[in-house]
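These notes concern the structure reproduced below.
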Amino acid sequence: MGTKESAQGTIYSNAHLRKLILPLMLEQLLAILVGMFDTVMISGVGEAAVSGVSLVDNINILVINIFAALATGGAVVAGHALGQKNREQAGRSAWQMVLFLLYSSALMTIILLGAHETILRAVFGRVEEAVLESAVTYLIITGLSICPLALYNGCAALFRAMGNSRTTMYISLLMNLINLMGNALLIFLFDMGVAGAAIATLVARTVAAFLIFRMMMDEKKEISFKGRLTLRMDFPLVKRILYIGIPNGLENSLFQLGKILLLSLVSTFGTSAIAANAVCGTITNFNILPGMAINLAILSVTSYCIGAGDYGQTRYYTKKLMRLTWLCTSGVSLIMIAGAPLFLKIYHLTPETTILALQVIRYHAIMCIVAWIPSFSLPNTLRAAGDVMWTMIIAIISMWVFRIGTAYFFSYVFHMGLIGIWIAMTIDWMFRGVCYAIRYRGGKWEKVMKKREI
């Protein structure tokens, strides 16, 4: 079949897509809501605890992004094998991805536990001793959960590659319930403070990892670990996985680093700007929630189509799912624009902070309709085709030149304050979106996997 978009003999029905996407949306919503409740619970311990946990969370997010990106590489390779109707290759690829995640996460755990205080001081400089003490406690305990979390992320990516997101939704629900109940019990009843919050996280991630690993041993599944467990690395196969995973991991890691750098710039604008930025960072997550869920579906669906060698279907589903993303994002954006004043009342902000946050939320909502989708949805099809070097290079250049460079320019030359940083962010979106669209329309991405014989 050629590369024209085609709906004939579609691989995924609308019912299949709904079964894939709706659980992903619920899972994303759950993660955001539980994160908010988690923060509220920890805030009851004191400011030093909140500050220490927030510092460590920046490191944790960086680590999570790295392993999630590596899991994406394995899921794409396994998805290609499924498209080729080769379940043996899919299972081997899946286990090799998980094995690499386990080895690399174990190494990361040793590094974090062995040099925890050095890492914290190197990244965040001098902080108050009470804050550092809380950060060290939280980092040591949650560091033990890196391996279970890497295992969970790897297996969850494989379930999505099989088109089964309902299972990951249920396990995510259980994991977050354990975390919330553990926080309530250990923080408030046993008065364990930061240690209690960290232990709850460790237990929740470990239980989730054990459950999802057991499910991957079911030989009836399209991708199964049954009969494929080994401690030996298949380096040619791992190389294929890392070809997609490493560029994606670098992109995500540098993106998180860029966010940390911009937080230091926001801190120079005063208390109102800091508070408004923190609140907007939480509320705007709801604006992109449908898009983030559908993006995972785009990666799974197009990986399968590309594995089957059907680029007409790949283009068809890319267009179909991007249209759905636009409709969902537009609907949520309209709610955000109209309901922003009501949402902000929850936080009891000062009038100055409220006005600033209102400007940012509404601007972000408008730009989500205009520029977010080509910047974040379209590159998932390119990644599924193995065109990861292009997406990585564009994303890194755009982030440093526009998101960071323009943010500092707007701040120091035009004195635009917080809104200038968010405008710079959307300029980054627009540049990347144009570059990805040109690449997609050109069709070179269709030949990447063929050249590498993946």
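Descriptive notes on the structure:
- Single residue of Arg323, Arg362 found to be of a type outside the set (Val, Ile, Thr) and touching a residue at least 12 places away in the same chain (Cβ under 8 Å): Arg362
- Leading residue by the ranking (nearest to Ala135 (Cα to Cα)) among those in region 57-99 that are β-branched (Val, Ile, Thr) and surrounded by 20 or more Cβ atoms within 10 Å (Cβ to Cβ): Ile59
- Lone qualifier among Arg403, Arg432, Arg441, Arg362 - being under 17 Å from Thr302 (Cβ atoms) and either of a type outside the set (Ser, Thr, Tyr) or in contact with a Cys (Cβ under 9 Å, 6 or more places away or on another chain) (or both): Arg441
- Being in contact with a Ser or Thr (Cβ under 7 Å, 6 or more places away or on another chain), buried (at least 21 other Cβ atoms within 10 Å of the Cβ) and under 30 Å from Leu82 (Cβ atoms) is a property that does not hold for Tyr304.
- Members of region 191-209 found to be without any contact (Cβ under 8 Å) to a residue 12 or more places away in the chain and on the phi < 0 side of the Ramachandran plot, listed by number: Met192
- Among the residues of region 221-275, those identified as outside any helix (DSSP H, G or I) and small (Gly, Ala, Ser) are Ser224, Gly227, Gly270.
- Any hit, region 337-352, residues being out of contact with any Asp or Glu (no Cβ under 9 Å at 6 or more places or on another chain), surrounded by fewer than 18 Cβ atoms within 10 Å (Cβ to Cβ) and among the small types (Gly, Ala, Ser): yes
- Filtered by the rule that a residue be touching a helix residue (DSSP H, G or I) at 6+ places or on another chain (Cβ under 9 Å), part of a loop (DSSP other than H, G, I, E, B) and surrounded by fewer than 22 Cβ atoms within 10 Å (Cβ to Cβ), region 163-193 gives Gly163, Asn164, Phe190, Met192.
- Verdict on Asn176 being of a type in the set (S, T, N, Q), under 19 Å from the mean Cα position of the chain (by Cα) and farther than 21 Å from Gly245 by Cα: yes
- Just so you know, in region 211-225 the residues that are touching a residue at least 60 places away in the same chain (Cβ under 8 Å) and not acidic (Asp, Glu) include one that is nearest to Gly163 (Cα to Cα), and it is Ile223.
- Test: residue in region 219-234 that is among the β-branched types (Val, Ile, Thr) and either surrounded by 16 or more Cβ atoms within 10 Å (Cβ to Cβ) or touching a Ser or Thr at 6+ places or on another chain (Cβ under 7 Å) (or both): yes
- Candidate set: region 373-413, residues that are among the hydroxyl-bearing types (Ser, Thr, Tyr) and in contact (Cβ under 8 Å) with a residue 24 or more places away in the chain; chosen: the one nearest to Tyr243 (Cα to Cα): Thr391
Read-outs throughout are calculated quantities, based only on the coordinates presented, and are distinct from any laboratory measurement. Worth saying up front: this structure is predicted, and the values here are computed from it rather than measured. No Cβ is skipped: glycine too gets one built from the backbone with ideal geometry, and neighbour counts run over all protein chains shown.
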